[in-house]
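One structure is given here, and the rest of the page talks about it.
The values are calculated or read from the model by the stated rules, or taken from the named source; none is laboratory data. Values in this document were obtained by computation on a predicted structure and should not be read as measured data. FYI the Cβ positions are ideal-geometry reconstructions off the backbone, even for glycines, and counts take in every protein chain you see. Keep in mind that these areas ignore ligands, DNA and RNA; they rest on the heavy atoms of the full protein, side chains included. Shrake-Rupley method; radii C 1.70, N 1.55, O 1.52, S 1.80 Å.
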Amino acid sequence: MKGKGKRRRRGHKVLLLLVLIAAALFWQSNFSLQTEEFQASLEGLPEGFDGCRIVVLGDLHSADFGGENKDLLEAVERAGPEYIFLVGDLLDAFREIPESYAERTARDLAAIAPTCYVTGNHEWAIGGVPELKETLAEQGVTVLSNTFTILQRGGDSILLAGIDDPNGYADQKPPETVAAEVYAAYGDPFWILLAHRNDHFPTQYCKLGADLVVSGHGHGGLVRLPFTDGLVSTDRTFFPSYTAGLYQKNGSTLFVTRGLGNSGRTFRLFNRPQIAVLTLRTA
């Protein structure tokens with residue numbers, strides 16, 4: 001009987017240890033920020049932009065890292081960005097949105113570096129997008145709503161365009177029209193496109209002519225497993241692609257951030273919230 005009691009206690013200890021390990025892994029995968037560096041080697045990038053550091057943030061989904069995002073903001077500032085790209089789903093349709101969340105997040109990021117934003121599907125699901133855009137603009141964020149602007153560095157300039165998520169208005173300007181307007185206005189410039197949906201790149205966005213497309217939406221495939229590009233897409237299909245990092249197709253380069261928050265009851269595993277630092281390099 002004594003031997004059985006010892007084995008039972010040992011089994012309880014092993015079970016407790018496994019529970020603690022699982023809890024620690026879950027916490028790290030969902031709440032522990034990870035800053036990661038990437039280099040994009042791009043043909044035609046003007047010399048003045050060689051070495052330009054861009055922090056890419058996506059899919060916050062109303063998340064809070066450290067009380068009013070103090071930990072997130074400190075990590076972004078430490079990364080030393082020259083620009084910050086917010087690639088959609090700042091808010092979440094299935095989670096409570098803290099008071100003044102969009103306003104203070106926009107204000108605090110814009111205080112670190114020039115910040116540019118495009119909508120994601122969740123902003124449109126919530127509604128009130130025109131008011132949201134106005135709020136962000138009032139805090140110093142450049143809102144790209146099927147429009148484009150010029151970025152300057154080192155005596156050179158490049159064009160930055162941004163498109164609204166397909167969840168937007170039915171009659172909104174399609175990406176192909178935005179691309180045509182870019183070429184009509186500037187000939188054949190080096191240009192970057194901010195577009196929330198990573199999964200539209202292989203069939204649509206890669207054909208627009210943008211030198212670099214920057215997206216989110218994929219959440220890194222939620223669960224990152226060896227030899228995969230994630231386990232589950234945000235559309236609930238298995239083994240998606242184009243979910244994290246750099247890709248190329250049709251002469252266009254895609255960068256996808258794994259994002260920061262979770263939507264509704266989803267969670268991450270082996271897939272920490274990511275602050276992506278993208279450095280542009282002249283090929």
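Does Arg272 satisfy the criteria of being open to solvent by less than 20 Å² (accessible area, probe 1.4 Å), of a type in the set (Lys, Arg) and in contact (Cβ under 8 Å) with a residue 24 or more places away in the chain?
Details: open to solvent by less than 20 Å² (accessible area, probe 1.4 Å): no; of a type in the set (Lys, Arg): yes; in contact (Cβ under 8 Å) with a residue 24 or more places away in the chain: yes.
Taking the combined requirement at face value, the residue does not satisfy it.
Only one residue in Ile163, Ile150 is over 17 Å from Lys249 (Cα atoms), free of Cβ contacts under 8 Å to residues at least 60 places away in the same chain and surrounded by fewer than 20 Cβ atoms within 10 Å (Cβ to Cβ). Which one?
Numbers: Ile163 fails: surrounded by fewer than 20 Cβ atoms within 10 Å (Cβ to Cβ).
That would be Ile150, the only listed residue that is over 17 Å from Lys249 (Cα atoms), free of Cβ contacts under 8 Å to residues at least 60 places away in the same chain and surrounded by fewer than 20 Cβ atoms within 10 Å (Cβ to Cβ).
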Which of the residues that make up segment 234-269 are among the basic types (Lys, Arg) and crowded, with 20+ Cβ neighbours inside 10 Å?
-> Arg258, Arg268
Spot the failing condition for Asp89; the list is (1) at negative phi; (2) open to solvent by less than 50 Å² (accessible area, probe 1.4 Å); (3) acidic (Asp, Glu), and only one is missed.
-> (1)
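Being in contact with a Gly (Cβ under 8 Å, 6 or more places away or on another chain) and among the basic types (Lys, Arg) narrows it down to one residue among Arg104, Arg78, Arg95; which is it? Working first, answer last.
Numbers: Arg104 fails: in contact with a Gly (Cβ under 8 Å, 6 or more places away or on another chain); Arg78 fails: in contact with a Gly (Cβ under 8 Å, 6 or more places away or on another chain).
Testing whether each residue is in contact with a Gly (Cβ under 8 Å, 6 or more places away or on another chain) and among the basic types (Lys, Arg) leaves just Arg95.
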Pull up segment 20-48, narrow it to residues that are among the polar types (S, T, N, Q) and within 20 Å of Leu73 (Cα to Cα), then point me to the one that is surrounded by the fewest Cβ atoms within 10 Å (Cβ to Cβ).
-> Ser32
Single residue of Tyr83, Tyr117 found to be crowded, with 24+ Cβ neighbours inside 10 Å, closer than 24 Å to Thr243 by Cα and modelled with pLDDT of 95 or more = Tyr117
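Considering only residues that are part of a loop (DSSP other than H, G, I, E, B), under 12 Å from Leu33 (Cα atoms), open to solvent by 20 Å² or more (accessible area, probe 1.4 Å) and of a type outside the set (Asp, Glu), which ones fall in segment 64-80? Give the steps one after another, and end with the answer.
As a first pass, look at segment 64-80 and keep what is part of a loop (DSSP other than H, G, I, E, B): 64-69, 79-80.
Retained after the next criterion (residues that are under 12 Å from Leu33 (Cα atoms)): 64-66, 69.
From what's left, open to solvent by 20 Å² or more (accessible area, probe 1.4 Å): 64, 66.
If the condition is that a residue be part of a loop (DSSP other than H, G, I, E, B), under 12 Å from Leu33 (Cα atoms), open to solvent by 20 Å² or more (accessible area, probe 1.4 Å) and of a type outside the set (Asp, Glu), then Gly66 is the only one that fits.
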Can you name the residue in segment 184-196 that is crowded, with 23+ Cβ neighbours inside 10 Å and farther than 9 Å from Ala210 by Cα and, of all such residues, is nearest to the chain's Cα centre (by Cα)?
-> His196
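Answer yes or no: is there a residue in segment 122-135 that is of a type in the set (Phe, Trp, Tyr), open to solvent by 10 Å² or more (accessible area, probe 1.4 Å), part of a loop (DSSP other than H, G, I, E, B) and touching a residue at least 24 places away in the same chain (Cβ under 8 Å).
First, pick out the residues of segment 122-135 that are of a type in the set (Phe, Trp, Tyr): 124.
Going one step further and asking which of them are open to solvent by 10 Å² or more (accessible area, probe 1.4 Å), we end up with 124.
After this cut, where a residue has to be part of a loop (DSSP other than H, G, I, E, B) as well, the list is none.
No; the residues of segment 122-135 include none that is of a type in the set (Phe, Trp, Tyr), open to solvent by 10 Å² or more (accessible area, probe 1.4 Å), part of a loop (DSSP other than H, G, I, E, B) and touching a residue at least 24 places away in the same chain (Cβ under 8 Å).
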Hey, any hits in segment 40-61 for a residue that's within 25 Å of Arg268 (Cβ to Cβ), among the hydrophobic types (A, V, I, L, M, F, W, C) and either assigned to a helix (DSSP H, G or I) or at pLDDT below 95 (or both)?
-> no
Which one of these does Phe94 not meet: (1) open to solvent by less than 80 Å² (accessible area, probe 1.4 Å); (2) assigned to a loop (DSSP other than H, G, I, E, B); (3) of a type outside the set (Lys, Arg); (4) out of contact with any Leu (no Cβ under 7 Å at 6 or more places or on another chain)?
-> (1)
Filtered residues of segment 184-241 (kept if part of a strand (DSSP E or B), within 17 Å of Gly120 (Cβ to Cβ) and either touching a Pro at 6+ places or on another chain (Cβ under 7 Å) or of a type outside the set (S, T, N, Q) (or both)) | Leu193, Leu194, Ala195, His196, Arg197, Val213, Val214, Gly216
